[in-house]
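What follows is one structure encoded as structure tokens, with my remarks underneath.
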Amino acid sequence: MKNFTFYNPTRIHFGKGQIAKLTTELPADARILMTYGGGSIMKNGVYEQVMKAVGNRHLVEFGGIEPNPRYETLMKAVEVVREQKLDYLLAVGGGSVVDGTKFIAAAVDYQGDPWDFCTRGVQSKSALPIGVVLTLAATGSEMNAGGVITREEFKSKRAFGNPLVFPRFSVLDPETTFSLPPRQVANGIVDAFVHTTEQYLTFPAEAPLQDRQAEGILATLIEEGSKAMEQNPDYDNRATLMWSATQALNGLIGMGVPHDWATHMIGHELTALHGLDHAVTLAIVWPGVMRVMKEEKRSKLLQFAERVWEIAEGSEDERIEKGIALTDDFFRSLEMKTRLSEHQIGSASIDLIVSRLENSGMKKLGERGTITPEKVKEILTERL
Ligand code: NZQ
Ligand code: ZN
């Protein structure tokens with residue numbers, strides 16, 4: 001197990017009716033910017049609950065944060081915060097709203113172009129406090145210090161991180177996810193699944209606890225994910241999925257172990273170029289990464305097959321392939337199309353993605369830096 005420092009200051013209020021905790025979490029004299037997306041919160045009762053809890057605090061609403069939040073939109077919110085001297089950000093929505101709000105928080109007092117956070121790893125020295133009311137379980141953004149922003153003019157989707165943008169608190173009320181369409185429920189399950197494998201399916205690191213934690217999340221997502229797609233929203237099922245998604249990317253299972261993240265880096269290019277939902281890109285790419293990087297991942301692929309998919313029979317290669325196939329089948333059972341050709345994406349795009357990754361310096365991806373542009377091409381070709 002490698003050395004690590006674990007820090008996570010976010011207070012979580014989990015469960016039904018917890019939006020009411022905003023009354024005690026938000027400072028009485030806060031001058032709040034409430035951020036949200038396309039309006040789902042106005043249709044599912046979340047907006048009313050938030051307004052009731054905010055009471056007569058000074059609050060300015062900023063809606064229109066897109067899925068795959070746009071830099072161009074967020075910079076408008078930065079202007080509003082600066083002009084109206086707002087001092088607290090309340091994000092109400094899914095991962096895109098939360099990520100966008102983190103970006104706003106860090107950008108307000110930053111003197112340069114905040115796009116630096118995404119391209120040069122610059123971390124602003126200050127950020128406004130953030131509170132979150134989460135309405136989509138997927139990204140773990142409610143309890144981490146990262147985000148992913150799209151700059152439309154460059155057609156670029158890039159990640160940023162800064163410990164100052166951990167939310168002060170996040171409210172996770174599973175009932176808020178009852179209004180999600182099946183596509184978004186499926187997205188959340190797959191995103192959480194691949195967050196977990198990015199931190200687990202690498203190579204043995206003498207971390208049996210982290211392995212078991214990751215395997216527990218994966219097995220739970222498989223069991224509860226299938227239920228969520230078959231039935232009307234069930235509170236405990238959605239509660240388990242919500243907490244699983246948070247656990248998948250709040251930092252804990254990633255402590256002391258190698259990380260991959262190649263699937264995410266390749267996936268971001270697919271979203272930037274073709275507008276595919278983030279999780280859909282992962283469902284396409286991840287089986288290809290497992291197959292093409294089979295030798296490097298052999299030991300953990302066998303452990304994954306045995307402990308998550310309970311495969312005991314067959315040669316090593318047979319067990320590995322079965323584990324990969326069952327993962328692909330699981331994604332497809334969530335109505336995910338896992339082949340590029342099913343999204344009308346052909347080999348011309350593959351060359352473009354490879355060159356874009358190269359141009360942004362991503363030439364050595366994966367836990368050992370061995371996923372080169374040639375490997376990326378092999379991985380995507382395997383997914384045509
Ligand atoms: O905008 P509204 O109207 O709210 O509609 C949203 C949006 O259209 C809708 N939705 C959200 N909650 C709903 C709802 N519809 C009905 N009922 C509800 N309760 O769902 C759509 C998608 O929302 P979005 O926030 O984009 O989804 P998600 O939470 O999956 O976030 C995806 C974004 O997170 C980034 C992705 O790159 C993508 O931009 N990620 C953030 C990470 C992080 N911060 O750690 C890591 C992840 O790997 C991921 O990259
Ligand atoms: Zn993700």
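Could you list, in sequence order, all residues of segment 95-108 that are surrounded by fewer than 23 Cβ atoms within 10 Å (Cβ to Cβ) and closer than 18 Å to LEU180 by Cα?
Residues satisfying the conditions do not exist here.
In segment 133-172, how many are within 12 Å of ligand 1 (Cβ to nearest atom), closer than 26 Å to LEU357 by Cα, in contact with a strand residue (DSSP E or B) (Cβ under 8 Å, 6 or more places away or on another chain) and not aromatic (Phe, Trp, Tyr)?
Of the residues in that region, 11 qualify.
Results for (1) of a type in the set (Lys, Arg); (2) under 18 Å from the mean Cα position of the chain (by Cα), shown as yes or no for each residue.
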| residue | (1), (2) |
| --- | --- |
| ASN250 | no, yes |
| HIS259 | no, yes |
| LEU270 | no, yes |
| ASP277 | no, yes |
| ARG298 | yes, no |
| LEU302 | no, no |
| ARG319 | yes, no |
| LYS322 | yes, no |
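The rows are residues; the columns are (1) closer than 18 Å to GLY251 by Cα; (2) part of a helix (DSSP H, G or I); (3) not hydrophobic (A, V, I, L, M, F, W, C).
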| site | (1), (2), (3) |
| --- | --- |
| PHE178 | no, yes, no |
| GLY188 | yes, yes, yes |
| ASP191 | yes, yes, yes |
| VAL194 | yes, yes, no |
| THR197 | yes, yes, yes |
| LEU209 | yes, yes, no |
| GLY216 | yes, yes, yes |
| ALA219 | no, yes, no |
| ALA228 | no, yes, no |
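If we scan segment 274-287, do we find a residue that is among the charged types (D, E, K, R), within 16 Å of ligand 2 (Cβ to nearest atom) and more than 19 Å from ILE217 (Cα to Cα)?
Within segment 274-287, one or more residues are among the charged types (D, E, K, R), within 16 Å of ligand 2 (Cβ to nearest atom) and more than 19 Å from ILE217 (Cα to Cα).
Please specify each residue of segment 76-105 satisfying the condition of being closer than 21 Å to GLY38 by Cβ and among the basic types (Lys, Arg).
Answer for segment 76-105, where residues must be closer than 21 Å to GLY38 by Cβ and among the basic types (Lys, Arg): LYS76, LYS102.
When the residues of segment 72-94 are filtered to those that are within 18 Å of GLY275 (Cβ to Cβ) and either over 22 Å from the mean Cα position of the chain (by Cα) or in contact (Cβ under 8 Å) with a residue 60 or more places away in the chain (or both), which remaining residue is surrounded by the most Cβ atoms within 10 Å (Cβ to Cβ)?
So the residue we want is GLY94.
Within segment 292-300, does at least one residue satisfy the condition of being acidic (Asp, Glu), within 29 Å of GLY361 (Cα to Cα) and away from ligand 2 (no atom under 16 Å from the Cβ)?
Checked segment 292-300: at least one residue is acidic (Asp, Glu), within 29 Å of GLY361 (Cα to Cα) and away from ligand 2 (no atom under 16 Å from the Cβ).
All of the numbers you see were taken from the coordinates with simple rules; none came from a lab. In this text the structure is predicted, and so the values were computed from the model without any measurement. Ideal geometry is used to build each Cβ from the backbone, glycine not excepted, and the neighbour counts take in all protein chains shown.
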